[in-house]
Amino acid sequence: MSTHSNSNYPKLHNAMWPGLVGKGSPGAEPCLELDTMLDLTAQAEVDGIRFDGVDLFLHDPHTSIDIDDEGIKRLADKIKQRGFVVGSVVAPVWPPTGGGSAMGSDEDRKKFVEQVRKACGIARKLRDLGVRPDGVVRIDSACSPTDWAADAEANQSRIAQTFSAACDVAEEFGERLAAEGEICWGGMHSWKKMVDLLERVNRPKTLGFQADMAHTLLYIMGYNAPEDGILPAEWDWADPHKLDAAMKTLTAALRPWTIDFHVAQNDGTVKGSGTHDKTGHHCLPNDPGGKLTIAHHAGYWLHGEDGRLTKQLRHICWDGCMFPNAVMMKPETWNDILSAMIAVRDAHGWRDAEDDEADRKATPDLSKAPKKKATPKKVAKKAKKTAAKKPVPAAKKKSARAATKRPARRTAKRSAAQSRKASKKSSAKTSTKKKR
């Protein structure tokens, strides 16, 4: 067995939406059911370490955005039975899923906010059921960079207004929203546009950034926004120093906003499948074409400018959208993914003593046989027996004797004083009679 750090944070989650994203539409592979994704995740194990939880996509056929309370309870039970908790959830804000463009018509934007409201309601109920200790509700602009560019300033302003309305809703439920930085979403398609949008909304306690390592690599490369690229258009991938410097620039701008984090690999290209077109090409963690050193580059997001761990993220999640179903059904796929996640925690994790204490309280010590409850009579008998056996120090014996004698002396003195007083009264009466 390999040696790992003693860290228990951040918790390791697996995303369920790779079973849906880019699947189910004409010409695409069929979706993988939620139970299948949960089972594949539960079966993964590396050196005795397993996934701690899952992040959910609130969309059919996994979880309907219109699920009722009984359905939410069944969902919570299903997840608990596999030893998992829920972290972040994805709100289906896009037009094909019942939402609308964040820069669209008043009706479109109303649909967008309503989907956020439903998602926040489900997230809150999962929290109330004790199955969701932390996490965010994920959103994006639900519009393309091409449509956005038709009137960039006006559209950016409308997206900010829609996000602000969504923040109002999230606060009603005690939830936080995270905007996923992905090149396929208008107004969020470059790191500079993403920072601009977050600053326009300016609700840092409610709206933050969700960083996905596969997508943010394309931010650095300037896909869909060459003017905002950090790396040169043509550069040598064999030079790790330029990539590290670019990561430092990127994370310095976006880390202060980051409240959710996806571990992922990317080969420096884009990919589209089904209705989910032209986005970061997620690769398996050990893909020979992968451009990221996962554990190393994750550190730029998890450490502050001072080099210290921020400890802002209580869980991290693997995202591997649009893997072929044949690849996803292989147990070794999930073991390799879990191994990459463990490496990130080994390098950048920490130990939470309160979590240890909670685990101890929740887990009975089965190594000790339960003892019979003692009756009051037995307790008194045992106490008397123990007291009789226990030696009394000499100093305490002397003190006890003195304490016993003192009351007797005080009584004797009181009696003598009372006798003298009575004698004086008697003498005074006799003297009075003689004078008469």
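Can you pull the percent of the stretch 104-149's accessible area that's carbon plus sulfur, 1.4 Å probe, other chains left in place? Could the numbers behind the result be given before it?
Working: 900 of 1930 Å².
Result for the stretch 104-149: 47 percent of the exposed heavy-atom area is carbon or sulfur.
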Q.
If you average the alpha carbon positions of the stretch 111-161 and of the stretch 313-339, how far apart do those two centres end up, in angstrom?
A. 25
Q | Portion, in percent, of the accessible area of the stretch 218-300 that falls on carbon or sulfur, probe 1.4 Å | A | 52
**Q.** ASP355-GLU199 pseudo-label distance in nm [points 7 Å out on the Cα-to-Cβ vector]
**A.** 3.4
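Direction-averaged shadow area of the convex hull around the Cα atoms of the stretch 18-63, nm²? Don't jump to the answer; show the numbers that get you there.
Values: hull surface 14.3 nm².
Convex hull of Cα atoms, orientation-averaged projection: 3.6 nm².
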Q. Given H placed 1.01 Å from N in the peptide plane, which residues other than close sequence neighbours of SER88 have an amide H under 5 Å from its amide H?
A. LEU56, VAL136
(Q) In Å and on Cα atoms, what radius of gyration and Dmax does the stretch 182-253 show? (A) 12.6, 40
Q) Using the Karplus equation 6.51 cos²θ - 1.76 cosθ + 1.60 (θ = phi - 60°), what ³J(HN,Hα) coupling, rounded to whole Hz, does each residue of the stretch 290-302 give in order, writing x for Gly and Pro? A) x, 8, 9, 8, 3, 4, 5, 6, 4, x, 5, 8, 9
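List, in the order given, every pair from LYS11/LYS193; LYS11/LYS73; LYS118/LYS311; LYS125/LYS271 whose Cα-Cα distance in the structure shown is over 25 Å.
Values: LYS11/LYS193 30 Å; LYS11/LYS73 23 Å; LYS118/LYS311 29 Å; LYS125/LYS271 35 Å.
Cα-Cα > 25 Å for LYS11/LYS193; LYS118/LYS311; LYS125/LYS271; rest within.
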**Q.** Residues whose placed amide H lies under 5 Å from that of THR258, excluding near-sequence neighbours
**A.** PHE209
**Q.** Computed Kirkwood radius, in angstrom, where 1/r is averaged over Cα pairs of the stretch 1-153
**A.** 17.0
Q. To the nearest 0.05, what FRET efficiency results for ASP128 and GLU171 with a Förster distance of 22 Å applied to their C-beta separation?
A. 0.85
Q. So, how do all the Cα-to-Cα distances of the stretch 125-210 break down into 5 Å bins, in percent, from 0 on up?
A. 3, 15, 26, 23, 15, 9, 6, 3, 1, 0
Q: Using Cα centres only, tell me the gap between the stretch 13-46 and the stretch 74-107 in whole Å.
A: 15
Q.
For ASP212, what residues show an amide H to amide H distance below 5 Å, using hydrogens built from the backbone and excluding near sequence neighbours?
A. GLY181, HIS262
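The values are calculated or read from the model by the stated rules, or taken from the named source; none is laboratory data. Since we're looking at a predicted model, the values are computed, not measured. Cβ sites come from the backbone with ideal geometry, for glycine too, and all protein chains shown count toward neighbours. Just the protein is used for accessible areas: all its heavy atoms, side chains included, with ligands, DNA and RNA removed. Shrake-Rupley method; radii C 1.70, N 1.55, O 1.52, S 1.80 Å.
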